[in-house]
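S.K.: Just dropping this structure here.
Just so you know, all these numbers are worked out from the coordinates, no wet-lab data involved. This structure is a prediction, so every number in the text was calculated from the model and none was measured. Here the Cβ positions follow ideal geometry from the backbone for every residue, glycine too, while neighbour counts run over all protein chains shown.
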Amino acid sequence: MSAGRFIWGLALVGLGALFLAANLGWVEWSFTLYLLQLWPLILVLVGIRLLLGRRSPTLAIVLMVIVLAIGVGVAAIDYGTGGEAGWSTAKTTTIVGTPTQGFTRAHATIDIGAASFEVTGQETGFMAQGTYTSRREPRITQSPAGSGSGEYSLVVDQTEAGWVIIPFGGAREDLKLQLAPSVPWILDVNAGAAAGTLDLTNVTLEELTLKAGASSVDVTVGPRIVPGAKVTIDGGAASFLLRLPRQLDITLSTSTGLSAVDVDQGFGSPTDNTYVHKGGGDDLTVDIKGGVSAIDVQLY
């Protein structure tokens, strides 16, 4: 028997058994529909057949059975730990921060892993406001109202519950966050396999630390900064667009390994990987560290 006939026959038997079990009430229909999201495995099976089907049909059959078993096993585990309706279900959590009265400084830690994100500055009457759409319940902690220290803190990250291995479904994790513009902010952003925007044009920035893995991130720093503000970008296989105000005095340092760096001509020629731009305003220090990254620095 050929590897192709065996595997497609096995798939039909399994699919028929699954629908029969759902009809009899032995498994939930939501789980049955959830397993249908494993369709990308068809491409893997076809590839195995093309590579090994004629030369080693037995090995091809074994590998295809193993791939199917692993796919179904991972889906079953994730379904049991990740929610009632699987990958395609996402919930939106509303973030409403503490009212701005009484706070003179703020610190936000954002750890979003595999998600898209957009952080902006906007006056809403609250220190922070936004939404987080995720198939896992996010952790959101913040300073209580009337905090006596005058410092506001916000932490947004993902819980450990549920396995996120292969995004078979259509749900996309997404964070949208607005920060109060009147208070100086220290921002720590950790983005894994993410695509995002940090539009800090209207944010009073004291310090930004951005760590990114396989990400694409656009960062805009506004002219309203704390004198001596710092921006640190540490990227792996990431792509960054960094836009900086032309009216600031900016010192830009790069230690990027195998990175492609494109710096605006307004900085002039570098000295020991350090670029200087004199805009006549407050001092801003930018330190870019990267592995295999593409970095584009622009003045506006």
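S.K.: What FRET efficiency do you get for Q265 and T104 if R0 is 30 Å and r is their Cβ-Cβ distance, rounded to the nearest 0.05?
M.R.: Here the calculated transfer efficiency is 0.20.
S.K.: I would also like to ask the following. Among V13, V65, which comes first, then next, by fewest other beta-carbon atoms within 10 Å?
M.R.: The most exposed by this proxy come first: V13, V65.
S.K.: Continuing with the same structure: Starting from the Cα of D157, step 7 Å along the direction of its Cβ; do the same at V74; then give the gap between the two resulting points in nm.
M.R.: Each label point is offset 7 Å from its Cα along the Cβ direction, giving 2.4 nm.
S.K.: Please give the per residue volume of the convex hull enclosing the alpha carbon atoms of region 100-146, rounded to a whole number of Å³.
M.R.: For region 100-146, the hull spanned by Cα atoms encloses 96 Å³ per residue.
S.K.: Next up: Fully extended, how many nm does the chain gain between L12 and D218 (0.36 nm per residue separation, minus their Cα-Cα distance)?
M.R.: Result: 69.5 nm gained on full extension.
S.K.: Could you please rank R243, R55, R139, placing first whichever residue has the fewest other Cβ atoms within 10 Å of its Cβ?
M.R.: In increasing order of surrounding Cβ atoms, one gets R55, R139, R243.
S.K.: Separate question: Using Cβ contacts closer than 10 Å as the measure, can you line up H277, H107 from fewest to most?
M.R.: Least to most surrounded, the residues fall as H107, H277.
S.K.: Tell me which lysines have Cα within less than 25 Å of K176's Cα, excluding those fewer than 8 residues away on the same chain?
M.R.: K91, K211, K230
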